[in-house]
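What follows is a set of notes on a single structure, which appears directly below.
The values are calculated or read from the model by the stated rules, or taken from the named source; none is laboratory data. Keep in mind that this is a model prediction, so the values were computed, not measured. As a convention, Cβ positions derive from the backbone with ideal geometry for all residues, glycine included, and neighbour counts pool all protein chains shown. Keep in mind that these areas ignore ligands, DNA and RNA; they rest on the heavy atoms of the full protein, side chains included. Shrake-Rupley method; radii C 1.70, N 1.55, O 1.52, S 1.80 Å.
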2 protein chains.
Amino acid sequence: MSATIIPLGTASAMPAHGRHLSATALWRAGRLLLFDCGEGTQYRIKDADLKRSRIDRVFITHLHGDHCFGLPGLLSTLGMLQRTDPLMVVGPEGIQAFGQLPGLHPESLPFELTFLALPAGAGRQVVLDDPAYTVTARPLEHRTLTFGYRFEEKPTPGALDAERARALGVKAPEDFGRLKDGEAVTTPDGTTVTPAQVVGPEQPGAVFAYVTDTRPCPEGVHLATKADLVLHDATFGMTHHARAVETGHSTAREAARLAQRAGARHLLLSHFSARYEDTTVLEQEARTVFSNTTAAEELQRYPLERRAP
Amino acid sequence: MSATIIPLGTASAMPAHGRHLSATALWRAGRLLLFDCGEGTQYRIKDADLKRSRIDRVFITHLHGDHCFGLPGLLSTLGMLQRTDPLMVVGPEGIQAFGQLPGLHPESLPFELTFLALPAGAGRQVVLDDPAYTVTARPLEHRTLTFGYRFEEKPTPGALDAERARALGVKAPEDFGRLKDGEAVTTPDGTTVTPAQVVGPEQPGAVFAYVTDTRPCPEGVHLATKADLVLHDATFGMTHHARAVETGHSTAREAARLAQRAGARHLLLSHFSARYEDTTVLEQEARTVFSNTTAAEELQRYPLERRAP
């Protein structure tokens, strides 16, 4: 089951050069995980030909307006679309305020709205545990309480080598299922066949890391470790390194160093300062360190593919 | 000085068919008055080639999200654009909450942000008194505390007929100015010349009425009286009259009756239900009552012209 990452907004602070405020969709098996929700995200989900009704969970990095001011409108619209599935919004402590704004009445929404508020001092925390994947939060280093997220598919069992199993004497159809489920079986002639003999190695799942807004930091490296795709804050180029430090952001090259250190496979730069009409310079600066870097383009579909074993 | 009305969002409740959430700009002499501010309004102002920096005052009709969820983002962006002019936001009691959202820190904005909160029970009230025009609020009839607004240019003095003044013996250059300012003058031969003899009648200013969301009501008629342009709630067509009553909205034909009763000159229908992909039917229903009706199109520029005397 393959997933796709769709940047919906790659601007920092305010819309500029046709770029929109922060939001990124992860689309997988007809379900949508939403990372950040800047103003206008409900429009951008439609622009991306995704369905707002399929949103499964929302993960907000921090409470600066450009990352969360689209929440009240999105929640209202989900209510008007008669959503009935419960919805959880994960984010830093204070996120609950977005359910209490005049014009949004959680008690009148047709679905249960809950907030998972991550407090200051929170360390690594699993914020979604689905049968097929998990999402983990870790604190980042920004001017305000901020969390990054790591989406990780659970490993899938290895393939059963049915031919080899038959050669070892396995005959009963249910024994093939047992072997695949990790049980040893006994053949009619009394031989024991173990899964290790006939089932290939577990296949690791794909990993996506969403690391913004932040200075490069060890928790960012943890989030991105061996990730197939990392979306990272690259607000500035090298000549504005001091500004990155001052505002709690990263340069494109810092993002590249982090991706390299984390052993990631593909780096998507995002959260571009309005001073860059063309983001090619950021991409080039990052590529000198980490060649598989792309400046994220809005509404492009970036496949989240499992790393080759 | 002529003004222009630019609908930025004509959808009701949620975006649909390429239509956006409620907002309308009045552009006059390089200044922008903003009526309602649904999510995404900061984008729509740019789409309309208007300048966010030129916003003079914001008037919010009511605190349903589709009319005000764009406020926090717009205020943030004005701060990032280094606005220093004070800004007042007018709206119903409760509007102050939009200055207290996490992610928006009024104390860190580079401009003074104030709210003029109109309480329940408020009657007619002048909410902007500029040298060239006024804006007046009146309560409407919706499901929540709602105000409509009337923009009215102040009358300009009539033209001086200089030729006729000279014929009556006026010679001193300063006497022409006095006559125009409403003073009588004495000519060298001792004759008194009065303004009434040489100055034409005062020219009335143009009037725009913004009447949404509401059932047709007497206060709506007052707002629209002899208006040159009325933007009115036309959420539904005739076949959904019961739904209009239930939700506190108007049908297109009800808007037309109100425009007719008010002696208005041009009616713009807006706030269309998502059930109407094509709004022609609403326009047609209204025109049977009030022929000078237009279904508002977003980003069109509708001239606000002074009624011929």
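Structure above, values below:
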read-out	value
Rounded tilt (10° steps) of A:71-80 against the dominant C-alpha axis of chain A	60
Inter-copy separations for B:Ala122, label at 7 Å along Cα-Cβ, nm, ascending	3.8
When the convex hull of its Cα atoms is projected in every direction, mean area for the protein assembly as shown (nm²)	36.8
Phi to ³J(HN,Hα) by Karplus 6.51 cos²θ - 1.76 cosθ + 1.60 over region A:291-299, Hz, x for Gly, Pro	5, 7, 10, 10, 6, 4, 10, 5, 6
Integer Hz, Karplus 6.51/-1.76/1.60 couplings in order for region A:176-190, x for Gly and Pro	5, x, 4, 4, 5, 7, x, 9, 7, 10, 10, 7, x, 8, x
At 7 Å out from Cα toward Cβ: B:Gly263 inter-copy label distances (nm, ascending)	8.3
Calculated label separations, A:His222, copies of the chain, 7 Å along the beta-carbon direction, nm	6.3
Over chain B, relative contact order from alpha-carbon pairs under 8 Å, at least 6 apart, %	16
Other protein chain Cβ atoms within 10 Å, averaged over every residue that makes up A:102-109	4
Environment charge at B:Gly91 (Cβ cut-off 12 Å; Lys +1, Arg +1, Asp -1, Glu -1)	-1
Separation in nanometres of the label points that stand 7 Å from Cα toward Cβ, at A:Arg124 and A:Lys154	1.8
DSSP beta bridges in region B:1-68 [antiparallel fraction, %, rounded to 5]	75
Three-way shape call for region A:165-260 based on the alpha-carbon gyration tensor, with the a/c threshold at 1.5	prolate
Region B:1-63 shape via C-alpha gyration tensor axes, a/c threshold 1.5	prolate
Accessible area that becomes buried as A packs against B, both chains, 1.4 Å probe, Å², nearest 100	2400
Three-way shape label, region A:4-150, alpha-carbon gyration tensor, a/c 1.5	rounded
FRET E, pair B:Ala184, A:Arg54, Förster distance 60 Å, beta-carbon r, rounded to 0.05	0.20
Shielding score for A:77-83, defined as the mean number of other chain Cβ atoms within 10 Å	3
Amide H partners (placed H, <5 Å) of A:Ile60, local residues excluded	A:Asp36, A:Val90, A:Gly91
Neighbourhood net charge (9 Å Cβ-Cβ; Lys/Arg +1, Asp/Glu -1) for B:Leu269	-2
Inter-part distance where region B:137-172 and region A:7-55 are each reduced to a Cα centre, Å	47
Pair B:Thr192, B:Leu116: separation of 7 Å Cα→Cβ label points (nm)	4.1
Axis-nearest residue of B (beta carbon) for the B-onto-A rotation, whole Å	B:Gly40, 2
Beta bridges by DSSP in chain B, antiparallel share as percent, to the nearest 5	55
Shielding score for B:35-42, defined as the mean number of other chain Cβ atoms within 10 Å	4
Shielded residues, region A:50-69 - accessible-area loss of 30 Å² or more between chain alone and all protein chains, probe 1.4 Å	A:Leu63, A:Phe69
³J(HN,Hα) computed for each position of region B:12-19 - Karplus, 6.51 cos²θ - 1.76 cosθ + 1.60, integer Hz, glycine/proline x	9, 6, 8, x, 7, 6, x, 8
For chain B: accessible area per residue (Å², 1.4 Å)	41
Where Cα atoms sit under 23 Å apart: lysine pairs in the protein assembly as shown separated by 8 or more or lying on different chains	7
